[in-house]
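The values are calculated or read from the model by the stated rules, or taken from the named source; none is laboratory data. A quick note: this is a predicted structure, and the numbers were derived from the prediction, not measured. Quick reminder, even Gly has a Cβ in these numbers, built from the backbone with ideal geometry, and neighbours come from all protein chains shown.
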């Protein structure tokens, strides 16, 4: 029982001793100071380094103590360093790269009995957008041939990176093959089999995603080499006494056009190029060229292509002209017939009207004649009656 009492008294004595040792002292701001750049500008992904020097009352802040950097709120700790030598008051605070934005950092000391002093000075860090882009190695691209593209992620302040590829506007015949392993890496390959229709249209983008949500990317437009090919619009037509032929080719590199005119002396060739399209026009006398077709040849270092263009000759033109004349004749006859029909109808109407008028006149005369005869007959009868019933006056003496 005595031993238990002794142990209790000893524990209370030590507890009281600790409480006396951990009494927090009143701190004077004038005894604390820090010398540091208050505004630092860096690029996203760059290492952030803040050199600083601080002073403190060594009689109050005992060693070991802690140097703590925080971001924003003093409770959001970024870095903690334990100091065992009180003479070292200069140091360098280093952080990995941050995404684009504005940040504020502060500094504080912690020592025994959970005592803390927060320095009032703040360091503002402005992080601008990342200017570095990944490097993309692109070999010469040829239609139908598989090429290896390589994307290299540039190092950013010890930040690890993940690489992926994306494409836009590639044709349906284009093949893209690359690994989709989700791991940290410095480079990644892309195996590309392009089409001619990807040239100057399709794009390939290498996307590098670093730690701390930092993203960098580079986009390239595909430059694809391909053999020449002929486009719609190549034709030969007869224009009066001339034969005019047009030929259009498309290739990369641009493919010049030639015509088989070595045996002719009177001809002209005009060619012009727009991007990878070459347009050539041949003009010569129709009477000098007796064939029904002509060859157009387009060639480059990748190959040569030839097309046979049919000539639309005089017979087709004459048929067209004859059909046009017949059509005009039909239209003229149709118009003449319509005019004659209209005149005929008009004359028939006039004759019919005249006939009706004559019949009307004749009928009226006939009626008048019959009426006269009836009046004469009436008069004769009246005379006879009067004569039959005449009065005989008496004679006077």
*Go through the residues of segment 217-226 one by one and say whether even a single one is touching a strand residue (DSSP E or B) at 6+ places or on another chain (Cβ under 8 Å), free of Cβ contacts under 8 Å to residues at least 40 places away in the same chain and closer than 17 Å to residue 137 by Cα.*
yes
*Has segment 148-163 got any residue that is within 26 Å of residue 276 (Cβ to Cβ), surrounded by 14 or more Cβ atoms within 10 Å (Cβ to Cβ) and either in the same structural domain as residue 98 (by TED's automatic domain parsing) or in contact with a helix residue (DSSP H, G or I) (Cβ under 9 Å, 6 or more places away or on another chain) (or both)?*
no
*So, in segment 61-96, of the ones that are surrounded by 13 or more Cβ atoms within 10 Å (Cβ to Cβ) and not in a strand (DSSP E or B), which residue ends up modelled with the lowest pLDDT?*
86
*Can you tell me which residues in segment 272-286 are more than 16 Å from residue 230 (Cβ to Cβ) and free of Cβ contacts under 8 Å to residues at least 12 places away in the same chain?*
272
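Restricting the search to segment 157-175, which residues are assigned to a strand (DSSP E or B) and either closer than 12 Å to residue 192 by Cβ or under 20 Å from the mean Cα position of the chain (by Cα) (or both)? Can you show your working first?
Within segment 157-175, the first condition is being assigned to a strand (DSSP E or B), and the residues that meet it are 159, 161-168, 175.
Answer for segment 157-175, where residues must be assigned to a strand (DSSP E or B) and either closer than 12 Å to residue 192 by Cβ or under 20 Å from the mean Cα position of the chain (by Cα) (or both): 165, 166, 167, 168, 175.
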